[in-house]
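Here the structure is laid out as structure tokens; the discussion comes afterwards.
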Amino acid sequence: MTSQRMLIGGEWVEAAARRTLDVRNPATDEVIAQVPDAGPEDVDRAVRAARRAFEEGWRDTTAQQRGRVLFKIAEAIRARRAELAELETLNSGKPIVESEFDVDDAATCFEYYGGLATKVHGEVVPVPDNALSLALKEPMGVAGQIIPWNYPLLMAAWKLAPALCAGCATVLKPAEQTPLSILHLARAFADCGVPAGGVNVVTGYGETAGAALVAHRDVDKIAFTGSVEVGKIVLRSAADTLKKVSLELGGKSPNIFFADADLEAAVDGALFGVFVNQGEVCSAGSRVLVQRPIYKKMLDAMVEKAKRIRLGPGIERETKMGPLVSREQLERVQRYQEIGRREARLAVGGGRPSEAALQRGYFVEPTIFYDVDNSATIAREEIFGPVMAVIPFDSEADALRIANDSPYGLAAAVWSRDIFKCLRMVKRLQAGIVWVNHMQPTYVEAPWGGYKMSGIGRELGPWGVEEYLQTKQVHINLSEQPIGWY
Ligand code: NAI
Ligand code: MG
């Protein structure tokens, strides 16, 4: 077990109140580290450090300089690939192969924004006067960033990289369950050229450290990823100081299979869509809509494959599904498994695995419910675990109606060999991303965010950096005549 500190103003510090919180290995329930349990005083110290870093240098760096810092962070990630992946798996539970993928993705994210730094352009506006009108892009200032536990390092990258690219200083609060990978990487920041206070990593609980960050008067922007429930709290609290807010919240995404889809690809796509990362994915394809002619056949094939998914500690290379992140999440998913048993028919899973070796960790079985009505709780609420709800449909119109009948709108996928049908669906689905004949690939170059209650704003690509910029209008009078009004 290690005792760790957090990063404030370029120094590794304890919480002012000397309190700590336990960090666990979800595969064994063991405490593997203690990190500071930051309170409002610590958050205030971090925000002041960020403000100082911003005002005293970072805001005046050139885009080229910031780009180089971001490239160095990417290199630092690649140089630590194995240790970061191992730490990520140890702390979040996810299979090591997925952690390696996430670490690579995090490096790619910093690289992308390193390149984008020199491509953030303002505009020249053709105003009807003898004048030069400019729209300049400027950094927001100090960003507060609150992230979840399902992709700990990658979510940190999605937040830090665009903020630094824009020229903001940041205070990042990782999820209390999973602070280890970002704390590890943060040790490299100074050598990469991040100024003291440019990035602060404050560990602590959401209700205390997170809430203090959102409420702080000197934070200009809040970026949050997590539950709808907390997203609403964040938005309400940020209203008091009128901060710019972006929210990436959950989903109940439909994965839609027409009868003319390639069946083998469909079965794989449905399972991957909801079981990857133990189902702890905001864009999980947790509602699987299947057209009646292939309903039985596809269900049987999914069940056969689901039975063979290998559960185990993420650190074992053969593992395809690790434990859930925490006891709290395990209990939440178990509750939904119980609800599902009453609301629908259970095809496979439905509880905890029976193997003795898996009893201490937070493991649940990959679970498939079928004949689910779209009004059922398991079809409406985000579960954030490996639980699939299979819903039959008849026509294209049916599929569309069921798919859009959800408070969420993060993602959707359509599977068919008929491109016309696919494109009609693409046009009408209410979701921030629609995949055709695939589900889940996400690229740092392309926009990410939700419709409806899945969020506000877009991350990644040039859209992501916009969230950290504001626009200044500059009017330069080219006429040497007086205004001539009085
Ligand atoms: P959560 O929304 O409580 O936690 C996410 C982050 O917000 C964490 O860093 C947490 O410390 C922070 N937080 C919590 N309360 C806060 C507050 N009052 N003010 C500021 N920050 C606060 O999510 P939780 O409880 O871990 O998971 C509950 C459910 O949320 C999951 O079952 C899932 O449905 C959803 N979720 C969605 C995610 C997504 O990627 N969209 C990620 C994580 C959870
Ligand atoms: Mg919570």
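The table below lists the values:
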read-out: Order of exposure, largest accessible area first, which applies to 456, 73 with probe 1.4 Å; value: 456, 73
read-out: Sequence of 468, 336, 205 when ordered by accessible area, the most exposed leading, probe 1.4 angstrom; value: 205, 336, 468
read-out: Heavy atoms of residue 421: accessible area, 1.4 Å probe, square angstrom to 10; value: 30 Å²
read-out: Total formal charge among the other residues, if their Cβ is under 12 angstrom from that of residue 92, Lys/Arg +1 and Asp/Glu -1; value: -3
read-out: Sum of -39500 (n - 2.57) over DSSP H runs of 4+, divided by residues of the chain (222 nm, nearest 500); value: -11500 deg cm²/dmol
read-out: Environment charge of residue 163, counting only residues whose C-beta is closer than 9 Å and scoring Lys/Arg +1, Asp/Glu -1; value: +1
read-out: Positive-end residue of 79, 206, 404, charge dipole of the chain with Cβ unit charges; value: 404
read-out: Segment 75-137 - charge dipole about Cα centre, Lys and Arg +1 at Cβ, Asp and Glu -1, debye rounded to 20; value: 220 debye
read-out: Debye equation applied to the C-alpha atoms of segment 367-486, log10 I(q)/I(0) at 0.14, 0.17, 0.20 Å⁻¹; value: -0.73, -1.00, -1.25
read-out: Förster-model FRET efficiency, 25 Å R0, residue 262 and residue 78, C-beta, rounded to 0.05; value: 0.10
read-out: Cα-Cα P(r), segment 3-113, percent of pairs per 10 Å interval; value: 13, 27, 37, 21, 2
read-out: log10 of Debye I(q)/I(0), alpha-carbon scatterers only, for segment 301-447 at 0.11, 0.13, 0.16 Å⁻¹; value: -0.51, -0.70, -1.02
read-out: Cβ-Cβ FRET estimate between residue 123 and residue 360, R0 fixed at 60 Å, reported to 0.05; value: 0.55
read-out: Difference of contour (0.36 nm per residue) and Cα-Cα distance, residue 338 to residue 22; value: 110.8 nm
read-out: Three-way shape call for the chain based on the alpha-carbon gyration tensor, with the a/c threshold at 1.5; value: oblate
read-out: Residues residue 445 and residue 133, FRET efficiency given R0 of 25 Å [Cβ-Cβ distance, rounded to 0.05]; value: 0.25
read-out: Highest to lowest packing among 221-233, 99-111, 247-259, 13-25, scored as the average C-beta count within 10 Å; value: 247-259, 99-111, 221-233, 13-25
read-out: Rounded accessible area of residue 136 (nearest 10 Å², 1.4 Å probe); value: 70 Å²
read-out: Magnitude of the charge dipole, segment 143-292, Cβ model with Lys/Arg +1 and Asp/Glu -1, debye to 20; value: 480 debye
read-out: Spacing of the two label points (7 Å from each Cα toward its C-beta) at residue 345 and residue 424, in nm; value: 2.9 nm
read-out: Rounded tilt (10° steps) of 40-55 against the dominant C-alpha axis of the chain; value: 50 degrees
read-out: Potential lengthening between residue 62 and residue 471 on full extension [0.36 nm per residue; Cα-Cα distance subtracted]; value: 145.5 nm
read-out: Net lengthening on full extension, residue 398/residue 242 (0.36 nm per residue, minus Cα-Cα); value: 52.0 nm
read-out: Check: segment 363-486 dipole with +1 on Lys, Arg Cβ and -1 on Asp, Glu Cβ, in debye; value: 360 debye
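The values are calculated or read from the model by the stated rules, or taken from the named source; none is laboratory data. Predicted model only: the values in this text are computed from it and were never measured. Virtual Cβ from ideal backbone geometry, glycine too; neighbours counted across all protein chains shown. To get the accessible areas, we keep the full protein, side chains included, count just its heavy atoms, and leave off ligands, DNA and RNA. Shrake-Rupley method; radii C 1.70, N 1.55, O 1.52, S 1.80 Å.
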